[in-house]
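Notes follow the structure.
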Amino acid sequence: MTDWIGETFTSNIGWKHLERLVDIDIRMAGSGGERHAAEVTRDALTDVGARNAHLEEFEIQGWARESAAIHAGDTAQDCIALPRSPSGNAMGELVDIGHGLPADFDCDLNEKVILAASDIPDWHDRYVHRREKYYRAVNAGASAFIYRNHVNGCLPPTGSVGTEEAPIGEIPAVGVSKEVGKRLSRRFTGDDVVVNTHVDIYDTTSQNIHADLGPKTENAVFLTSHVDAHDIGEGAADNAAGTAIVLEVARALAQRESELDTRVHLLVYGAEEIGLVGSQYDADSRDHETIKAIVNNDGVVRNRTLVCHAHGFDDLIDAADRVAARMDHPIDVPPELNPHSDHWPYVTWGVPGYHIRADTGDVGRGWGHTHADTLDKLSVRDLREQAILLTELVIELASDDTTVAHRPPSAIADQLERENRAEGMQVIGDWPYTKTIDR
């Protein structure tokens, strides 16, 4: 029966929820807006037929921007504090280290103010995450860190620093637009500059949203997203769209519950943007053996073609390929690891998981983590098409005919090393293996 396809392609439920979320002014982790977004998402899941929709609260380190500035020469340059930056007033010689690749830090950076771009060159063999660049600056003795966007448009980028053990970073960190960064580099490299940040740090709570569909089996397929967003924009693509996809897929699954052999657990996280706190909280309390697979939506709807990062799980590659063939629709399925979203606290330990996003080509995150992450960049057609494909993928994974094998954590650690990601993960404090694996 294919009626569900037509109903999904004409449904406005997901898009209307997307609009509802972006119209909440601030969904920063721990804020009242994030709580409101979680409550309306819980209620929306109930409305489409999910059962036992509820919130699970957990404590987090709250953080809010107050002011930030870069003083260079006689001018103050526009910037924004990066989440979880400490307050500070740091001075030092400005050093532009380009892309901030590991080799770029092999120089005297002690007490310097480091300027690093948000992208990497095409020839480099892996992505270098913002937090890796930040902690390489910290380890080099830098006094402050400036993160320069590589996207045109006078858009300073945001994105958190900090670690699970030390949520607040060690040195002031700010984001500047591509244009401001280029100006700083051209006019002030070698001069003393001052980076000033003033932030509010406090204790607060966030929450995860839980609901279920299908039979009441112990094992479950997890369909996930995160509802929080950075406070400088609407957080449309990152990640109101992911939560809208979860809702739209849940609506379609509720019509096909009789086809589910395995329970589908709907899990919308809080506090993703400040270090995957919500997903880490959940992963720490789970029996991982009961999770058949994770379908994590973070970055969907930004373009038409789906990318399903399969993290070396052959069964996940095969499942996505079967769906693509059955639906006669392209799905890109990279086998490499792709950390830094809510699947990772589980995949770290060998739980099969996808990171689902849209293929944006060379622009990468693009408008994400800037003021320009707004609803007008998204298309209702892309949301509906991707909801159809992901409904079919969840049905495929929830079938008794589909086997999805877990991997030993040592295999994940080995793959990180083969893909030259291990050192970077260790730099940011996301390397638990030496504590538990005799390697």
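Based on this model, can you work out whether Asp78 counts as surrounded by 13 or more Cβ atoms within 10 Å (Cβ to Cβ), of a type in the set (Asp, Glu) and over 17 Å from Asp203 (Cα atoms)? Write out each step before concluding.
Details: surrounded by 13 or more Cβ atoms within 10 Å (Cβ to Cβ): yes; of a type in the set (Asp, Glu): yes; over 17 Å from Asp203 (Cα atoms): yes.
Answer is yes for this residue.
Considering only region 1-37, state which residues are of a type in the set (Asp, Glu), at pLDDT below 95 and more than 29 Å from Glu273 (Cα to Cα). Lay out the reasoning, then the answer.
Going residue by residue through region 1-37, those that are of a type in the set (Asp, Glu) are 3, 7, 19, 23, 25, 34.
Filter once more, so that each one left must be at pLDDT below 95: 3, 25.
The one that is of a type in the set (Asp, Glu), at pLDDT below 95 and more than 29 Å from Glu273 (Cα to Cα): Asp3.
Across region 123-139, what is the number of residues that are open to solvent by 30 Å² or more (accessible area, probe 1.4 Å), part of a loop (DSSP other than H, G, I, E, B) and either hydrophobic (A, V, I, L, M, F, W, C) or touching a residue at least 60 places away in the same chain (Cβ under 8 Å) (or both)?
2
Taking Leu383, is it of a type in the set (A, V, I, L, M, F, W, C) and either surrounded by fewer than 17 Cβ atoms within 10 Å (Cβ to Cβ) or out of contact with any His (no Cβ under 7 Å at 6 or more places or on another chain) (or both)? First the steps, then the outcome.
Working: of a type in the set (A, V, I, L, M, F, W, C): yes; either surrounded by fewer than 17 Cβ atoms within 10 Å (Cβ to Cβ) or out of contact with any His (no Cβ under 7 Å at 6 or more places or on another chain) (or both): yes.
In short, yes.
Take Ser118 and decide whether it is touching a His at 6+ places or on another chain (Cβ under 7 Å), closer than 23 Å to Glu423 by Cβ and of a type in the set (S, T, N, Q).
Values: touching a His at 6+ places or on another chain (Cβ under 7 Å): yes; closer than 23 Å to Glu423 by Cβ: yes; of a type in the set (S, T, N, Q): yes.
Answer is yes for this residue.
Checking Arg251 against (1) within 23 Å of the chain's Cα centre (by Cα); (2) within 15 Å of Ala44 (Cα to Cα); (3) buried (at least 21 other Cβ atoms within 10 Å of the Cβ): exactly one of these is not met. Which one?
For Arg251, the failing item is (1).
Residues to consider are Thr370, Thr391, Thr434, Thr348; find the one that is among the polar types (S, T, N, Q) and surrounded by fewer than 19 Cβ atoms within 10 Å (Cβ to Cβ). Lay out the reasoning, then the answer.
Details: Thr370 fails: surrounded by fewer than 19 Cβ atoms within 10 Å (Cβ to Cβ); Thr391 fails: surrounded by fewer than 19 Cβ atoms within 10 Å (Cβ to Cβ); Thr348 fails: surrounded by fewer than 19 Cβ atoms within 10 Å (Cβ to Cβ).
Result of the check over Thr370, Thr391, Thr434, Thr348: Thr434.
Looking at region 272-357, what helices (runs of 4 or more DSSP H) fall wholly within it and have at least 1 residues that are under 27 Å from Pro83 (Cβ atoms)?
Numbers: elements: 277-285, 314-327, 344-347.
Fully inside region 272-357 and qualifying: 277-285, 344-347.
Return the total of residues in region 311-327 being farther than 15 Å from Val394 by Cβ and either touching a residue at least 24 places away in the same chain (Cβ under 8 Å) or loosely packed, with under 15 Cβ neighbours inside 10 Å (or both).
6
Just checking, does region 151-168 include any residue being open to solvent by less than 50 Å² (accessible area, probe 1.4 Å), farther than 22 Å from Asp191 by Cα and charged (D, E, K, R)?
Within region 151-168 (the criterion being open to solvent by less than 50 Å² (accessible area, probe 1.4 Å), farther than 22 Å from Asp191 by Cα and charged (D, E, K, R)), the answer is no, since none of the residues qualifies.
Name the one entry in Asp298, Asp282, Asp376, Asp362 that is of a type in the set (Asp, Glu), closer than 24 Å to His230 by Cβ and modelled with pLDDT under 95.
Step by step, each of Asp298, Asp282, Asp376, Asp362 is checked, and only Asp362 is of a type in the set (Asp, Glu), closer than 24 Å to His230 by Cβ and modelled with pLDDT under 95.
The values are calculated or read from the model by the stated rules, or taken from the named source; none is laboratory data. None of the values given here were measured: they were computed from a predicted structure. Quick reminder, even Gly has a Cβ in these numbers, built from the backbone with ideal geometry, and neighbours come from all protein chains shown. Areas reflect the complete protein model, heavy atoms only, side chains present, ligands, DNA and RNA absent. Shrake-Rupley method; radii C 1.70, N 1.55, O 1.52, S 1.80 Å.
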